[in-house]
Structure formats: structure tokens, C-alpha cells
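K.L.:
Here it is, the structure, as C-alpha cells.
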Amino acid sequence: MQGVVRFYPTEAKVRYLKQLMHCGFDVIDIGSFVSPKVIPQMADSAEVIRQLSPHKKGNKFLVICANKRGVDEAINHPDVDIIGFPFSLSETFQQRNTKRSREEAIDELKGHAERIKAAGKSLVVYISMAFGNPYGEVWLADELAEWAKAIQQHCQPEAIALSDTVAKATASRVRSAVNKVKALAPEAVLGLHMHVSGRDPMGSGVIQAGWESGIRRFDTALLGFGGCPMAQDSLCGNLPTEALLSFAAKMKAKHKLSTTSLESAHNAALAFF
């Protein structure tokens, strides 16, 4: 929702997100505690979560925070389970997204990690632009692996999500990136947060490459809707949930998702977006 200009009413968000809570996802990325001036669509995240809390049951709620104020708000919200923090492989995007260098972001993240763990919550670090960027900066799998190693050593997050912010990933880049990170940070739990492009709108190639590289944690969005408004003017869609489910069926991979509830959530997404 974050990149959409028109504001979705809080009640509509709650009504839609309730449908997701019956599906059996491990984690629901439920909102962001960020500046309402920068991302106005997320200004009501705390209220959305409050209204959803009576229906939470076994769902885990994740929110994105990019600075101390957001992390503090997330720590103090009783229904937030996981805090996602964005770190960028691209120096340009790190400055654009958080107005900090990569070194400054890592130093800040160390302190966040300590406070998050002390509060009994989990941390997921997203390495954005993990497979390339729109700024002309050279992409190197070795550089990605070095930063991932530093994050793992200093923060020990629940997971490090390699994030393809602007749909630059190819199957070969995914394999190279995952293998390099595993070699330098073998103890890290890796996930993929992929965006898709016209050349592979269902993300089939990157899903296959990630799976073959040992990835078992994937972020998806129903209908493949979404994108990052901080990265560039045009939004790349997210990896479609439907595509991952089709792949899981092909691979006969076990999961706990309810197909009946997913059909209802799919219809709700069609109506909402």
C-alpha cells in the first residue's frame, strides 16, 4: 500500500488485512512506523494494528522502522512481534532512504538490535538493492556478502532478507549472492524479498534460483501488488503469493497455508486494490 498516492481509509485496511489473518502465513508485514510526511499511507499503522489485535491469534506482526523514533514506537506497541530495519547495499539509496551512510546505519542498527532483543521482540534486517540499483553503482556479490557478514556478527537478527528493491535480480545473481553470503555468514538465516519486472512478472526464475540455493523464507504479496516509493518514481510489483504457491505445489513443498482462506483473501485483494 505504501506507494499508492490516494489514502486507503483505516477501516478499509483493517477489513482487508483481517482476511490475511486466516490464511496461515508465518508473518504478516502489517505496517511501517515511519515519517507520515514521507510515507503518508503508513501514518495510521499503529491504529490499524490496534484494531487487528483482537483477531491476531497465532499471527506474527512485522513493522518496518528506519530510525530510532520508529523503533521506539514499535518496541512499545504490544502487538508488534518483529521489527524490520532497512539497510541498503547502495550508498545512494541508504542516504536517500535514511539520510545516513552505510557505516552510520550499521552503527545505529547495533543499538537498535540490543533494545529490540531486550524488549522480547525479533529483528529482521532487509538489505535493499541487494541485486542491483538504478543509480549506476556497480553491483558486487562479494560486497553484499561482506555487509551481510557484518550485520550477522553485530546484530544476530532473526533473518537477513536479501531484497531486490527495483527488480534487478536474475537467477544467476540470486545464486551468486546467496552462495557468497552463506560462505561468509553461514549462521545467518537468509530470506528473499523480491520485486518483479516485465521480463519475469511471476518471479519464476528467481524463486527457482532461491529455492535451489537453500532459501526457504520468501516475502510475497497477493496479486504481486506494491513497490518501494523511496527507490525510484515507478513502482515494481512484489513477488506474487500466487506464484510462490504454484512453485510450492510443483515442488510438493509442505506449507500450512489454507487454500480456502487464501481464495477469500485473493478476492479481498482484488476488491481492495
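K.L.:
Within the set of pairs 6 or more residues apart or between chains, which connect a residue that is under 18 Å from Ala209 (Cα atoms) inside the stretch 171-188 to a residue that is of a type in the set (Val, Ile, Thr) with Cβ atoms less than 8 Å apart?
P.N.:
Hits for this filter: Ala171/Val206; Val174/Val206; Val178/Ile215; Val181/Ile160.
K.L.:
Next question, about the same structure. Being out of contact with any Asp or Glu (no Cβ under 9 Å at 6 or more places or on another chain), touching a residue at least 40 places away in the same chain (Cβ under 8 Å) and closer than 30 Å to Leu144 by Cβ narrows it down to one residue among Val34, Val80, Val27, Val38; which is it?
P.N.:
Values: Val34 fails: touching a residue at least 40 places away in the same chain (Cβ under 8 Å); Val80 fails: out of contact with any Asp or Glu (no Cβ under 9 Å at 6 or more places or on another chain); Val27 fails: out of contact with any Asp or Glu (no Cβ under 9 Å at 6 or more places or on another chain).
Val38 is the lone residue from the list that is out of contact with any Asp or Glu (no Cβ under 9 Å at 6 or more places or on another chain), touching a residue at least 40 places away in the same chain (Cβ under 8 Å) and closer than 30 Å to Leu144 by Cβ.
K.L.:
Something else: Can you tell me which residues in the stretch 181-214 are among the hydrophobic types (A, V, I, L, M, F, W, C) and either assigned to a loop (DSSP other than H, G, I, E, B) or farther than 21 Å from Lys250 by Cα (or both)?
P.N.:
Val181, Ala183, Leu184, Ala185, Ala188, Val189, Leu190, Met202, listed by residue number.
K.L.:
Output yes when any residue across the stretch 137-144 is surrounded by 16 or more Cβ atoms within 10 Å (Cβ to Cβ), touching a helix residue (DSSP H, G or I) at 6+ places or on another chain (Cβ under 6 Å) and within 28 Å of His77 (Cα to Cα), and no when none is.
P.N.:
No, because not a single residue in the stretch 137-144 is surrounded by 16 or more Cβ atoms within 10 Å (Cβ to Cβ), touching a helix residue (DSSP H, G or I) at 6+ places or on another chain (Cβ under 6 Å) and within 28 Å of His77 (Cα to Cα).
K.L.:
Farther than 21 Å from Leu109 by Cβ, under 19 Å from the mean Cα position of the chain (by Cα) and not β-branched (Val, Ile, Thr): which single residue out of Ala66, Ala46 fits that description? Let's see the steps before the verdict.
P.N.:
Details: Ala66 fails: farther than 21 Å from Leu109 by Cβ.
Going through Ala66, Ala46 in turn, the sole match is Ala46.
K.L.:
Sticking with this one: Residues to consider are Gly224, Gly203, Gly198; find the one that is over 20 Å from the mean Cα position of the chain (by Cα), modelled with pLDDT under 95 and among the small types (Gly, Ala, Ser). Break it down stepwise before answering.
P.N.:
Numbers: Gly224 fails: over 20 Å from the mean Cα position of the chain (by Cα); Gly203 fails: over 20 Å from the mean Cα position of the chain (by Cα).
Going through Gly224, Gly203, Gly198 in turn, the sole match is Gly198.
K.L.:
Between Arg96, Arg50, which is surrounded by fewer than 18 Cβ atoms within 10 Å (Cβ to Cβ) and modelled with pLDDT of 95 or more? Explain how you work it out, then say what you get.
P.N.:
Values: Arg96 fails: modelled with pLDDT of 95 or more.
From the options Arg96, Arg50, the qualifying one is Arg50.
K.L.:
In addition: Just the residues that are part of a helix (DSSP H, G or I), of a type outside the set (S, T, N, Q) and in contact (Cβ under 8 Å) with a residue 40 or more places away in the chain, please, taken from the stretch 246-270.
P.N.:
From the stretch 246-270, those part of a helix (DSSP H, G or I) are 246-251, 259-270; that's our starting set.
Next cut, of a type outside the set (S, T, N, Q) only: 247-251, 262-263, 265-266, 268-270.
Of everything in the stretch 246-270, those that are part of a helix (DSSP H, G or I), of a type outside the set (S, T, N, Q) and in contact (Cβ under 8 Å) with a residue 40 or more places away in the chain turn out to be Phe247, Met251, Leu262, Ala265, His266, Ala268, Ala269, Leu270.
K.L.:
Further question on the same structure: Of the residues that make up the stretch 84-95, is at least one in contact (Cβ under 8 Å) with a residue 24 or more places away in the chain and β-branched (Val, Ile, Thr)? Quick ask: steps written out before the conclusion?
P.N.:
Filtering the stretch 84-95 for residues in contact (Cβ under 8 Å) with a residue 24 or more places away in the chain gives 84-93.
Okay, now just the ones that are also β-branched (Val, Ile, Thr), so 92.
Within the stretch 84-95, one or more residues are in contact (Cβ under 8 Å) with a residue 24 or more places away in the chain and β-branched (Val, Ile, Thr).
K.L.:
Let me ask you something else. Looking at (1) among the charged types (D, E, K, R); (2) buried (at least 20 other Cβ atoms within 10 Å of the Cβ); (3) in contact with a helix residue (DSSP H, G or I) (Cβ under 7 Å, 6 or more places away or on another chain), which is the only condition Arg175 fails?
P.N.:
Here Arg175 clears every test but (2).
K.L.:
For Asp107, all conditions in the list (1) in contact (Cβ under 8 Å) with a residue 24 or more places away in the chain; (2) more than 24 Å from Asn179 (Cβ to Cβ); (3) of a type in the set (Asp, Glu) hold save one; what is the number of the exception?
P.N.:
(1)
The values are calculated or read from the model by the stated rules, or taken from the named source; none is laboratory data. Everything quoted here is computed from the prediction, not taken from an experiment. Note that each Cβ is placed from the backbone with ideal geometry, even for glycine, and that neighbours are counted across all protein chains shown.
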